[in-house]
There are 2 protein chains.
Amino acid sequence: MVHRMPAERTRQHTTPVAAARRRRLRADRARQLADLLRHQVLAGRFPDGVLPHEEVIGADYGASRNTVRQALDLLRAEQLVERQPGVGTVVVCRKYPHALDRLRGLAETLHAHGRVTNEVRTINPVAAPAPVADRLRIPPRGEVLYVERLRRLDGLPLSLDLTYVPMGLGLSLLDADLENNDVFRLIEEAAGQPLGTAEISLEAVNADAHSAAVLEAPRGTALLMLERLTHLADGSPVDLEFIRFRGDRLTMRGLLHRTL
Amino acid sequence: MVHRMPAERTRQHTTPVAAARRRRLRADRARQLADLLRHQVLAGRFPDGVLPHEEVIGADYGASRNTVRQALDLLRAEQLVERQPGVGTVVVCRKYPHALDRLRGLAETLHAHGRVTNEVRTINPVAAPAPVADRLRIPPRGEVLYVERLRRLDGLPLSLDLTYVPMGLGLSLLDADLENNDVFRLIEEAAGQPLGTAEISLEAVNADAHSAAVLEAPRGTALLMLERLTHLADGSPVDLEFIRFRGDRLTMRGLLHRTL
């Protein structure tokens, strides 16, 4: 007969449970810490782009070394930071703020961050499919200009934009310098009036293989998907867009009010 | 010496290139079609939630059968639709609109869609880490209430919310019914004044393994990550939140203005 100490039995029983609980708690704390560090990283709060040593972070945030490491792993997986031998953990993200308060074209909203260029992949008139005709308030199968652009900031792919514009305005885009101008600006010029409002919807989706390849991102990467129907100041809809932003390159920023 | 017909050489040379080009074009057209169908799916435009037959979609959108299939594959990969034997392609998403125009709690914004319940995973006072103290304008290491909730709509996990509230207001949350109330409502009650504005930032990120497990979603799934600093009407910051929404369950909707 084998004698076991009660304490030993208890230990055998509780250890896996306790260990699982510790792992869960550490994962929760790592997420908590990662969120705080992410904000600091994106706000450019680390001088020279170098994060403090793990011990310093641990002391600052009251976190164990394991938790700090796990938090930094999360930020590394998001490609916000990288570990560099002899230097430490450094900020490597190039994430840009896109205004969510006002209706802005990409070059307008990012002018302080670099130069936006557009690779026009497709530009041709098409018969508007029903949902496009409906939203642009033109007759079914009426002609619209379809434009597909890969947009870059300082050469880095940022978004893939699919755009439908009624042919009246679309004609003026055919001859325009779409490589170097926002469609918004060109539409305002051609229409002789400013834009008014846009209905937007924003989603997070995993990139399909082909979209990922075009955006030079890994398959499955998180994309910020923006659908936007833009109207002229007089209320007429003039621009229906489906935009896939690389999630690792863009943050939407805005100010919400409790009452309007 | 082997004789080859010029045409044959040409064919050998161009066939792979032409095939690659056809694949690229079809992928582009599939994306284009998928975007239009996605809007219809999310807007609930298909009666009984059943999409038309592939031939009908092809005729409606002037697309080949292969393109239609590939577009439906994209929507299936996003878990918006499913193919059901004997029925066809049916809508299976449960994607809810979250207001992006006004500052709203989750239960407030989704009240027409179902019942929001909150599983409180953690609630305890902590010494505010520097970036939290800074943003909530309290002394460094001052006490804040930390709350972690898994939020569900009609039982389905929707978001994982990490919340920091200054202890003055936090005390009132300790005794409140957090399972069934938005923190916004509880704060307004305790503060005796409405909320004012919130600075938000929105990103798309791939879920880490642990967050994915908590949200009952596949690892790497696209999350809509919302960081929100909310102020009372008098301007004092009262609520710092880091919210991970399941990308497949939520759409942010808003109206942007060209000028303010």
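Restricting to helices (runs of 4 or more DSSP H) lying wholly in region B:149-260: which have 3 or more residues that are more than 10 Å from every other protein chain (Cβ to nearest Cβ) and either open to solvent by 30 Å² or more (accessible area, probe 1.4 Å) or closer than 30 Å to A:PHE184 by Cβ (or both)? If you could, list the steps in order and put the result at the bottom.
Details: elements: B:167-174, B:183-191, B:209-214.
Once the helices (runs of 4 or more DSSP H) in region B:149-260 are filtered for at least 3 residues that are more than 10 Å from every other protein chain (Cβ to nearest Cβ) and either open to solvent by 30 Å² or more (accessible area, probe 1.4 Å) or closer than 30 Å to A:PHE184 by Cβ (or both), what remains is B:167-174, B:183-191.
For the structure I just gave you, tell me whether B:GLY62 is within 10 Å of chain A (Cβ to nearest Cβ), open to solvent by 30 Å² or more (accessible area, probe 1.4 Å) and not charged (D, E, K, R). Steps first, answer last, please.
Details: within 10 Å of chain A (Cβ to nearest Cβ): yes; open to solvent by 30 Å² or more (accessible area, probe 1.4 Å): yes; not charged (D, E, K, R): yes.
In short, yes.
In this structure, does A:GLU54 turn out to be touching a helix residue (DSSP H, G or I) at 6+ places or on another chain (Cβ under 7 Å) and open to solvent by 10 Å² or more (accessible area, probe 1.4 Å)? For A:GLU54, the condition - touching a helix residue (DSSP H, G or I) at 6+ places or on another chain (Cβ under 7 Å) and open to solvent by 10 Å² or more (accessible area, probe 1.4 Å) - is met.
Each row is one residue, and each column tells you yes or no for (1) of a type in the set (Val, Ile, Thr); (2) over 23 Å from A:GLY196 (Cα atoms); (3) not assigned by the TED database to the domain that holds A:GLU199.
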| site | (1), (2), (3) |
| --- | --- |
| A:ASN118 | no, yes, no |
| A:VAL132 | yes, no, no |
| A:LEU162 | no, no, no |
| A:GLY168 | no, no, no |
| A:SER172 | no, no, no |
| A:ASP175 | no, yes, no |
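Can you tell me which residues in region A:122-147 are in contact with an Asp or Glu (Cβ under 7 Å, 6 or more places away or on another chain) and under 18 Å from A:LEU186 (Cα atoms)? Matches in region A:122-147: A:THR122, A:PRO125. Among the residues of region B:65-79, those identified as open to solvent by 50 Å² or more (accessible area, probe 1.4 Å), within 12 Å of chain A (Cβ to nearest Cβ) and either without any contact (Cβ under 8 Å) to a residue 24 or more places away in the chain or at negative phi (or both) are B:GLN70, B:ASP73, B:ARG76, B:ALA77. A search for C-beta distances below 6 Å between a residue of region A:108-134 that is touching a residue at least 40 places away in the same chain (Cβ under 8 Å) and at positive phi and any residue that is in a loop (DSSP other than H, G, I, E, B) and surrounded by fewer than 15 Cβ atoms within 10 Å (Cβ to Cβ), counting only pairs 6+ apart in sequence or on different chains, returns A:GLY114/A:ASP154. Against the numbered list (1) modelled with pLDDT of 90 or more; (2) surrounded by fewer than 16 Cβ atoms within 10 Å (Cβ to Cβ), B:VAL91 comes up short only at (2). A:VAL41: within 22 Å of B:ASP134 (Cα to Cα), open to solvent by less than 70 Å² (accessible area, probe 1.4 Å) and either touching a strand residue (DSSP E or B) at 6+ places or on another chain (Cβ under 6 Å) or acidic (Asp, Glu) (or both), yes or no? Yes, satisfied.
The values are calculated or read from the model by the stated rules, or taken from the named source; none is laboratory data. These figures come from a predicted structure and were not determined experimentally. Note: ideal-geometry Cβ built from the backbone for every residue, glycine included; neighbour counts use all protein chains shown. Note: areas computed on protein heavy atoms with side chains; ligands, DNA, RNA excluded. Shrake-Rupley method; radii C 1.70, N 1.55, O 1.52, S 1.80 Å.
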